[in-house]
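Just below is one structure, and these are the notes that go with it.
The values are calculated or read from the model by the stated rules, or taken from the named source; none is laboratory data. All values reported here derive from a predicted model rather than from experimental measurement. Reconstructed Cβ throughout: ideal geometry from the backbone, glycine too, with neighbour counts over all protein chains shown. Keep in mind that these areas ignore ligands, DNA and RNA; they rest on the heavy atoms of the full protein, side chains included. Shrake-Rupley method; radii C 1.70, N 1.55, O 1.52, S 1.80 Å.
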Amino acid sequence: MGLLELQGVTKHYPGVTALGGVDFDVAAGTVHAVVGENGAGKSTLLRLIAGADAPDAGTIRWDGAPVRFASPRDALRRGITVIYQELALVPNLGADANIFLGIEPTRRGVLDRAHMTECAAEALHDLGLFIDPREPVGRLSVARQQLVELARALVRDARLVALDEPTAALTAHEVAHLMAQIERLREAGIGVIFVSHRLDEVRRVANTVTVLRDGHRVWVGPAAGLDEATLVRRMVGRDVAYERRPPSRAPETMPLLEVAGLTRAPGFRDVSLTLARGEIVGLAGLIGAGRTPLARAIAGLEPWDSGTVRLAGLPYRPRHPRDAIARGVVYLPEDRKRDAGAAALHARGPGASGLGRSGRAARGRRRGPAAARPRTPDAHPVGRQPAESGAREMAVDRRGGGVVRRADPRRGCGRQDRPAPPDPRPGGRGQGGARDLTAWGRRWPRSPWSRRSSCLGFSGSRTCPPFCCTSR
């Protein structure tokens, strides 16, 4: 008998059937992987298991008895923990407070902070994370925040742990460490649901694999002996072949960006690089190697101690991100929800920010086709976008300019979004590369904020992509 069983579960949302009669089960001490394209129903399945949503039809059984979770707290009390891709941590609280959030230990009615910190440190040490538990988690890397979430599940004596894309922001070394922790959970008799687009990790860690497509279960079977090509074919319903295309144009010879001996202790030291128009330069390294601090410095978010930077042949030292944007340098951070989105603003296309000349929001300045359009379902505040909308957030982040910096550009995107990301070079399509890289490249030659034209180089033709104003 399985620890958790879903029988004929169906979930409808307005205009779409997210899950249609899905059967699913997890046994104690096993890892059950769930794979599928974006929109296949994976996130909805996890929400039903977590008690965040209720099924419209079907039965959920826990320890063989039918249950109906009234809320996520109800699922937590039964020992079910779901760790979503968008981590549910309070950034201003320490790791200890986040781990015991809602179950804080008390002594004579007063918070026992010493005991809480001691237990949190022990749980983190078991996962190989040696940090001060009182340090705010907002200062931790995404990889370390992931381990804090896992430690929270361990101190709650979880019997079932569901992981949604847990390795999306981890390096190879950290992935190996996380896999070891999943194996530890399995040996302890804990059931694990593993949702991932990384099929090699699925085949390595899972006992059983379920494939979802368009809200239906199309295949379930053992992971042993399963090859990636067969798994992809079952996910998309056809054979998929990837090929590398040569760039459509060669980079220009004159450098656009020149960095010489750039230093900012302790983040990075004596870094030099050059970037030409139409070229992509990658920075590879482990988390903590200095890639993000270097890019933040070039984008005007942090000062540097020594070294020189030249942009388009002129000295460049931004004091503020506004200075960098004025010169055509745009920064797209790794954590878009925390660092790049204004939760109260609406995604209104390329001019979403509505900035005036002073850099402040200008009221009543929505001009052109965007101002005349009625509000559509895509016009939600950025902070209210669904958790699985990573590719949509990338579209919101588009700006015009000369240089674009992206930290881990594929984080939050599905498999079909990843092999061929939008090419920053006009007329070409960028190809794959290492996941953990920082990329600079030339963007579209004309800003969408320009009064002369709001078209991103497509002359307002019907072939313009959806983020081009005049195509709407």
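Can you name the residue in segment 267-288 that is open to solvent by 30 Å² or more (accessible area, probe 1.4 Å) and among the small types (Gly, Ala, Ser) and is also farthest from residue 174 (Cα to Cα) among such residues? Out of the qualifying residues, it is 272. In segment 115-128, the residues that are surrounded by fewer than 19 Cβ atoms within 10 Å (Cβ to Cβ) form Cβ pairs under 6 Å with partners that are modelled with pLDDT under 90, at six or more places apart or across chains, as follows: 115/105; 128/177. Please find, within segment 100-142, the residue that is nearest to residue 185 (Cα to Cα) out of those that are out of contact with any Lys or Arg (no Cβ under 9 Å at 6 or more places or on another chain) and of a type in the set (S, T, N, Q). Here the residue is 141. For segment 198-226, a residue qualifies if it is touching a residue at least 24 places away in the same chain (Cβ under 8 Å), within 23 Å of residue 175 (Cβ to Cβ) and open to solvent by 20 Å² or more (accessible area, probe 1.4 Å), and the qualifying residues are 198, 200, 203, 204, 207, 208. So, residue 44, is that one outside any strand (DSSP E or B), farther than 14 Å from residue 155 by Cβ, touching a strand residue (DSSP E or B) at 6+ places or on another chain (Cβ under 7 Å) and at pLDDT 90 or above or not? So residue 44 fits the description; yes.
Of the candidates 76, 6, 87, the single residue that is part of a helix (DSSP H, G or I), touching a residue at least 40 places away in the same chain (Cβ under 8 Å) and surrounded by 18 or more Cβ atoms within 10 Å (Cβ to Cβ) is 76. For segment 131-159, the candidate set comprises residues that are modelled with pLDDT under 85 and assigned to a loop (DSSP other than H, G, I, E, B); within that set, the residue that is surrounded by the fewest Cβ atoms within 10 Å (Cβ to Cβ) is 157. For segment 312-340, filtered to residues that are open to solvent by less than 70 Å² (accessible area, probe 1.4 Å) and part of a strand (DSSP E or B), the residue that is modelled with the lowest pLDDT is 332.
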